[in-house]
Amino acid sequence: MNLNATMLGQAISFVIFVWLCMKYVWPPLTALIDERQREIAEGLSQMDLAAKELELAKANGDQLMVEAKQSASDLVEQGNKRRNQIIEDAKLEGDTEKSRIIAQGQSELESERNRLRQELRQEMSDLVIESAEKLIKRNLDNAANREFVNKLITEM
């Protein structure tokens, strides 16, 4: 009986141990395992969500790059158009200024020409009068002198 009693005592001790483990040790362990499983599931879910967001961000990034390249191309085109417009405006302004300067020069030239003509007429008149005085002193024929002076004046 000793062996049976010892085995029975061991069996009862084992049952009590198992019961204590089931009552006090197993529930917290199961709760920890369940919590850990839930955390792993959430982590996997977050990882899938992050992978989808990364894929979406890559697609958005590619789209943004395409738009940025197009925008840069548009800006370069606008810059080229503006440059060409500025060059055309400068050419037109240069042509206008050239025409103005030429017209001003021609006007000044015409004024100078008229002034020189006036000076020449004045000198010519002085020479005619001087010549006439000399002729008058030489010739006392007034009618011939007047005809000569009138002829000289009309030739001027």
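The values are calculated or read from the model by the stated rules, or taken from the named source; none is laboratory data. Quick caveat: nothing in here was measured; it's all calculated off a predicted structure. FYI the Cβ positions are ideal-geometry reconstructions off the backbone, even for glycines, and counts take in every protein chain you see. Just the protein is used for accessible areas: all its heavy atoms, side chains included, with ligands, DNA and RNA removed. Shrake-Rupley method; radii C 1.70, N 1.55, O 1.52, S 1.80 Å.
Select from segment 89-111 the residues that are among the acidic types (D, E) and either open to solvent by 100 Å² or more (accessible area, probe 1.4 Å) or under 30 Å from N150 (Cβ atoms) (or both) and list them in ascending order.
E93, E108, E110
Table: residues versus (1) open to solvent by 90 Å² or more (accessible area, probe 1.4 Å); (2) not charged (D, E, K, R).
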| position | (1), (2) |
| --- | --- |
| A59 | no, yes |
| M65 | yes, yes |
| K69 | yes, no |
| G79 | no, yes |
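Please state which one of R115, R83, R100 is part of a helix (DSSP H, G or I) and within 30 Å of T154 (Cβ to Cβ).
After applying the criteria, what remains is R115.
If you check I86 against the conditions, is it open to solvent by less than 100 Å² (accessible area, probe 1.4 Å), of a type in the set (A, V, I, L, M) and more than 28 Å from the chain's Cα centre (by Cα)?
No: the conditions fail for I86.
Yes or no: L120 in a helix (DSSP H, G or I) and at pLDDT 90 or above?
In short, no.
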